[in-house]
DNA sequence: ACCTGAACACCGTTCAAGT
DNA sequence: ACCTGAACACCGTTCAAGT
């Protein structure tokens, strides 16, 4: 039973979640499939392409998201999309890094950005996306640092860093959405 | 004349600008200094620490920045800081990646974030910073893609992508600042 | 179509030893 | 204090060859 492209992507995501991005090498993905490293190049031209496919998989399912409540404006819907995107990225180890890096290569092309642009305009969509990527990345970095600190046995000053970061994300989102309502772009 | 830590950081920044982050290896930095790779470990514990020092160097000089115009509010001053930070990161190849990665590790600790927080509050500062990092990163990625396209000889659809991205950055900044004026955080 | 086996040109980091 | 030389355990990618 030879492998398919979907098998390769799934194996790569398993390695990513288990070992982290830094250890997610072509060689380890190949080992996960019990195959020689060179076999991967039959399915994928290079590592960067594999990472892009992994990013697509991580983000898949963010849209259509919760049914659009008819009584809410585009801002509320945009807020839901950003929360769902964040949850999807945080759902897998180093997911934010993978998505942010791959997305940067083709900002403007993703379905998520187009959905946001339809709701709040192109500038608003870009601002919301970049903020969401950045905040998720820094959340994940802090988590890793916290996990490392716990391993080392360092005293953890923050009793509930997760919920504070969660709340911080929502407040930043509200700042941007308020700016959009106020016509911050000068429009 | 043996090398000092400052020599190592300077050499690393030269390699970064000339070869890009992907080729900025410890071995190449050592070669730039005409020294064995192992010699670097006398000055720096590991590559990550070297990258952090490089990030500090790139951002150094963003503050104090232009003298605070007394007649302008904190928003205008915050806007200047973000523009200066962006310019500093774009001033060196892959500078945005280096700074964003290193800064993520200690968000809340940087002088730039503290200066912004004093002007627009902690949530506003974080929102502005994450947006600035993210936008600079995607600007640099697009530049690389454009440079690669030019090398390959692909038709470039956008005649002046630089200025459009520049303007786009300013508009996003204005959205966030308008949100802060509107009290977007619910305050 | 999918994979093996072997190779090429690299990595980061450690460590004993030199001056 | 700063560096050399050699080694260890890895990388991504290519390519001829097998089935």
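What follows draws every value from the coordinates through simple rules; no lab data is involved. Keep in mind the model is a prediction, meaning the values are calculated, not measured. Backbone-built Cβ (ideal geometry, glycine too); neighbour counts: all protein chains shown.
If you count, for every residue in A:163-171, the Cβ atoms of partner chains within 10 Å of its Cβ, what is the mean?
The per-residue average across the peptide is 3.
What FRET efficiency, computed as 1/(1 + (r/R0)^6) with R0 = 56 Å and r the Cβ-Cβ distance, is obtained for residue A:6 and residue B:49, rounded to the nearest 0.05?
0.90
For peptide B:138-145, compute the average count of partner chain beta-carbon atoms within 10 Å of each residue's beta-carbon.
4
For a Förster distance of 25 Å, can you work out the FRET efficiency between the beta-carbons of residue A:118 and residue A:87, rounded to the nearest 0.05?
Taking R0 as 25 Å, the efficiency between residue A:118 and residue A:87 is 0.75.
Could you work out how much longer the chain between residue B:144 and residue B:163 gets when fully extended? Use 0.36 nm per residue separation minus the Cα distance between them, nm to one decimal. Before the final figure, lay out the partial values.
On the way: separation 19, 0.36 × 19 = 6.84 nm, distance 1.55 nm.
Once the chain is fully extended between residue B:144 and residue B:163, it gains 5.3 nm.
Please state, to two decimals, what the Cα-based radius of gyration of region A:1-101 comes to when divided by 2.2 N^0.38 Å (N = residues).
1.28
Label points 7 Å out from Cα along the Cβ direction at residue B:19 and residue A:31: separation in nm?
Result: 2.7 nm between the two label points.
Would you kindly work out, in nm and rounded to one decimal, the distances from the label point of residue B:183 to those of the same position in each other copy, ordered shortest first, with label points 7 Å along Cα-to-Cβ?
2.1
Between the label point of residue B:34 and that of the same position in each other copy, find the distances and list them shortest first in nm, with every label point placed 7 Å from Cα along the Cα-to-C-beta direction.
For residue B:34, the inter-copy label distances come out at 5.5 nm.
For the rotation that brings chain B onto chain A, whose beta-carbon in chain B is nearest the axis, and what is that distance in whole angstrom?
It is B:179, 1, counting Cβ atoms only.
May I ask you to sort A:42, B:43, B:135, B:142 by Cβ crowding, counting other Cβ atoms within 10 Å and putting the fewest first?
Values: A:42 11, B:43 17, B:135 26, B:142 20.
By the 10 Å Cβ count, ascending: A:42, B:43, B:142, B:135.
Measuring from a point 7 Å out along Cα→Cβ, what nm distances, shortest first, does residue A:122 have to its partners in the other copies?
3.7
Once both labels are modelled 7 Å past Cα along the beta-carbon direction, what's the residue A:63-residue A:41 spacing in nm?
That separation, rounded to one decimal, is 3.5 nm.
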